[in-house]
Every structure is written in structure tokens, then in C-alpha cells.
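The values are calculated or read from the model by the stated rules, or taken from the named source; none is laboratory data. Only a predicted model underlies this, so the values are computations on that prediction, with no experimental measurement involved. Cβ coordinates were reconstructed from backbone atoms using ideal geometry, including for glycine residues, and neighbour counts include every protein chain displayed. The area values use the complete protein model at the heavy-atom level, side chains included, leaving out ligands, DNA and RNA. Shrake-Rupley method; radii C 1.70, N 1.55, O 1.52, S 1.80 Å.
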Amino acid sequence: MKAYLRAVLALAAKDALLERKSFETLIATASFALLLAVVFHFAFDIASAEGARFFPGALWTAILFAGTIGMARSARVDEVEGRGRGAALAPVDRSALFLGKCLFHLALLAVVEAAAVPVFAAAFALRGMALPHLVILGLFLGTWGFAALGTLLAGATAGERATGLLLPVVLFPLLVPVILGGAAVVSAGVTGEVTAATGSWLRLLVVFDVLFTAVPALLYESLMEV
Amino acid sequence: MSAGALLEALGLSVQAGGRTLVHPTHLALRPGQWKALVGPNGAGKTTLLKALATLVPYTGTVRYRGRDVREKPLAYRRALGVVLHEPLLYGELTALENLVFYARLYGLAAPRAAAREKLAAVGLEAYAHEPVSRFSRGMIQRLALARALLHRPELLLLDEPLSGIDARGEGLILNLFREAKERGIAALWVTHRWRRAWDVVDEVVEMQRGTLLGAVPTAGRRPEEWTPSFAEEARG
């Protein structure tokens, strides 16, 4: 188990090191998310009273679009000259390849969100957050599910010529529970209006995250056909 | 089953796109034995090598130390060092960073020291901090070999490891191969330049149209005394 975790960390660290060389994926992903904040700000002319209503959905839309760009790009890194096969030759269960990449995507999205949340809060004239820990929890659980499913499908479509088009088409419909759940929990965190539905959304997000982390990890070897 | 075989392919076959790329093949390697696999382009040599490396789906059985590799894939991959046509290296990273990454992935105790040792073995220690994208084809091949030898494998699967390498690099790599053989490492070496491989390998195996044709022992013979049938066909 220790060797397996070391391999997962080595794979995530390799992606982080590649990213540190140019920051290309991070810059592309973060700037797209921030641009969307500016677009939404001018497109909707939102008064401060309505900001809290629109903030969660707008934030999740930006995370979804920007994150998809980032994950598609990151998955292609291993497709260049088939170099991802080097890791497939290592004496470690190939599910580690999935989890390593997923961990990197989770970290990448966390950095993007850290930059995007204050910018979106300003763009939507948010006065504050009633339950910031609930906002963080909603973002974390939603991002985890998004990263897990996104990693799987980005890996599966990375070799396709039209991967940039194909990935959102296959990914977005499957992410509906994450977007609804993530937005509902963030909304509850912003307004402080926690209801029974908030608990249901949190449970749904946990189930989604566990399911879409465990199933791809179990099936990754046969799904990827390296 | 061949007694004492390190690696055995029993009825190994590869199909892709409705075509049979490798017909049911039997092949065995003893510990420390080196075989060269020769044949024209499209003969199926690389596909056979990739199937043995479990990188492409195959039918039939591959056994390592008498056990189906599907039963214990991790033990098999730990014993395996593979050099493909693609170097499996990240051009954006330095030579050292690439090897340290693989050393960590293989769970080596001192990744940085192991990486430096192998860089020195292939004569690239002076380029440790250079990005691989700046390397020549020959330097990349040497680094790919360092990657394959990093975890001290028992079995090497080599696809044209001398391609693009100058005379000095070739001498260095052939010496590395001789040392590896002396240490008991076995190898299957796909090559077009079988005359260069002759002194290192124990047998030359010919492959054509996805089928192994036969093996020629190299002991007591000179490379000039043997001509593969595809070369004869081409001549005449």
C-alpha cells in the first residue's frame, strides 16, 4: 500500500513539475475562469441583493468550463510520443496512474478556485459569506467529483483528434449532479440558509465522489488499454 | 513449457483492426540469454515486443519464471526493462528529473542517487540538468536505456536501441549490454542492424509477416556467414 501511495504521489508530482516549467495549463485555466467573471459582471448588471443568488451557479459554470480546458490539456501531456506508457510499465497497479492524475487535477482546480472565488465575489457584489466553511466544503466535494470524472474521460479522449470538442460533450451531461449539488451547497454557505435539502446534496456529492473515484480506479487498466 | 525458461510466449498472437499482426508465436528466453529479433519493416517485431511488455492486448500466454504474467503483473513489470522506439521521456524535464521520476515510480530507495548512477553509466552525467528536448536522438536513446536499466531488471525488451546513435555512443551501449549480459540479464533485441548485435546475442531469430521463421545460434559463426531470408528475397 505504501508503494502504491508513493507511486500516486510520484505521478502527481511529475505533473506538478511539468506544470511548474511553464504554468501553461494553470494560466490558461485560471485566466479563462477570471475572464468569465468579468463577462458575467458586465453581461448581467447584477445588483448586490441578487449577487448571492447568482454567485454559486456562475462560479460553478466558470469552474466547469475552465477546468475542462485544463484537464484536456493535462491529459494530452502524456499522449505526446506515447510517453504515458512509461508509467504503465512500472510495477504498480495501473489505477495509480488514474489517481495520480486525479490528484494533480484536484490541486490544479483548487488553485484556480482560490483565485476565482474572490474575483467572482467581487464581480457579483457579494458582501460576505454566512458559512464560509460550507462554501469550502461544497467546492471541495464538487471539485473532487469533477476532477475524478474529468480525469477518466480526459484520459479516454486524449488520443482523439477532436478531444477538445469531445470531452465537454461526454463530460457535461454526467456532471449534472455535481453542478446542482455543488451550487446548492455553496449557495447555502453564502446565504446561511441551511435546509434538509443541503444535507441531501452533501450526501449525493459524497456518493458521487466515492463512486467516480473507486470505479475508474478499479477499471482503469482495461478502460485505458495502454 | 521449456525447462528453466525466464520468459516464454506460448501461442501469443496479436490482432488489431481485423488483421493478425502476430500469428500464434512460441518463444523462450533463458536467464542471461540474449536473442536478436530481425525482419523487414512490418514483420510484427515491435508488436510482439509490445505484447511481451503487456502494452498491447494479446491472446495466448506469456509466462515469466513459469507463471502467467497476468497472474502476477507487478512482479513481471518489476523484472522488465523496456526500450521502445518512443523514449518514454518528458522533453520539458531535465535528464535527472526524468530518471528521478521513474526511480520514485519504481519505489527505489535512493531515487536521486540511482538516477545519477545510471546517467553516469550512459555517459550523460554532464547533461543531468539539461531539458531532454535539447538532446540529440542519440542522447535520448542513451537516456531511454538508462531509464530501462534504472531498477536493475532481469529482462530487457529492446526496440532498435542503437538507432540514431553515433559510433562512440554505440560502443558505450554495446559495452553496457555486455555488462548486463554478464550480470545475468536476458534480452530480446529487435534490430535491423543484426550484424552489430551479433557479438552480444546468443541467437538471431527471424520474423516475417507476423511469424517467427527460425533461430540461428551465433556461437562459433561470423555474421557474414548468415543472411536472413528477407535479405535474400530482397536481393533476388
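Quick notes
- The single condition among (1) touching a helix residue (DSSP H, G or I) at 6+ places or on another chain (Cβ under 8 Å); (2) small (G, A, S); (3) surrounded by fewer than 19 Cβ atoms within 10 Å (Cβ to Cβ) that B:A113 does not meet is (1).
- Residues being open to solvent by less than 70 Å² (accessible area, probe 1.4 Å) and either farther than 17 Å from B:G107 by Cα or charged (D, E, K, R) (or both) - total across segment B:70-81: 1
- Within segment A:2-32, considering residues that are open to solvent by less than 40 Å² (accessible area, probe 1.4 Å) and of a type in the set (D, E), the one farthest from A:A90 (Cα to Cα): A:E19
- Residue selected from segment A:77-121 under the condition assigned to a helix (DSSP H, G or I) and free of Cβ contacts under 8 Å to residues at least 12 places away in the same chain, by the criterion most open to solvent (accessible area, probe 1.4 Å): A:E81
- Total residues in segment B:179-224, condition farther than 24 Å from B:H26 by Cβ and under 13 Å from the mean Cα position of the chain (by Cα): 1
- Criterion: open to solvent by less than 10 Å² (accessible area, probe 1.4 Å), charged (D, E, K, R) and under 28 Å from B:V204 (Cβ atoms) - qualifying residue of B:E86, B:E8: B:E8
- For B:Y106, the requirement of being aromatic (F, W, Y) and within 8 Å of chain A (Cβ to nearest Cβ) is met.
- Among the candidates A:G145, A:G128, residue that is in a helix (DSSP H, G or I) and among the small types (G, A, S): A:G145
- Single residue of A:G51, A:G57, A:G82 found to be within 12 Å of chain B (Cβ to nearest Cβ) and among the small types (G, A, S): A:G82
- So A:A72, is it modelled with pLDDT under 95, away from chain B (no Cβ under 13 Å) and under 13 Å from the mean Cα position of the chain (by Cα): yes
- For segment B:90-103, filtering for residues that are in a helix (DSSP H, G or I) and farther than 14 Å from B:R152 by Cα leaves 6.
- Residue match in segment B:14-27 (condition: open to solvent by 30 Å² or more (accessible area, probe 1.4 Å), more than 12 Å from chain A (Cβ to nearest Cβ) and basic (K, R)): yes
- Segment B:60-91, residues that are modelled with pLDDT of 95 or more and of a type in the set (D, E): B:D68
- Subset of segment B:143-169 (residues that are assigned to a helix (DSSP H, G or I) and either farther than 12 Å from B:V122 by Cβ or open to solvent by 20 Å² or more (accessible area, probe 1.4 Å) (or both)): B:A167, B:R168
- Residue that is least open to solvent (accessible area, probe 1.4 Å) [pool: residues in segment A:160-200 that are small (G, A, S) and free of Cβ contacts under 8 Å to residues at least 12 places away in the same chain]: A:G199
- Members of segment B:55-77 found to be under 22 Å from B:G4 (Cβ atoms) and touching a residue at least 24 places away in the same chain (Cβ under 8 Å), listed by number: B:G60, B:T61, B:V62, B:R63, B:Y64, B:R65, B:G66
- Some residue of segment B:179-190 being in contact with a helix residue (DSSP H, G or I) (Cβ under 7 Å, 6 or more places away or on another chain) and open to solvent by 10 Å² or more (accessible area, probe 1.4 Å): no
- Residue, nearest to A:A107 (Cα to Cα), within segment A:1-48, restricted to residues that are away from chain B (no Cβ under 14 Å) and aromatic (F, W, Y): A:F32
- Only a single item in (1) away from chain A (no Cβ under 14 Å); (2) more than 16 Å from the chain's Cα centre (by Cα) is not met by B:P57, and it is number (1).
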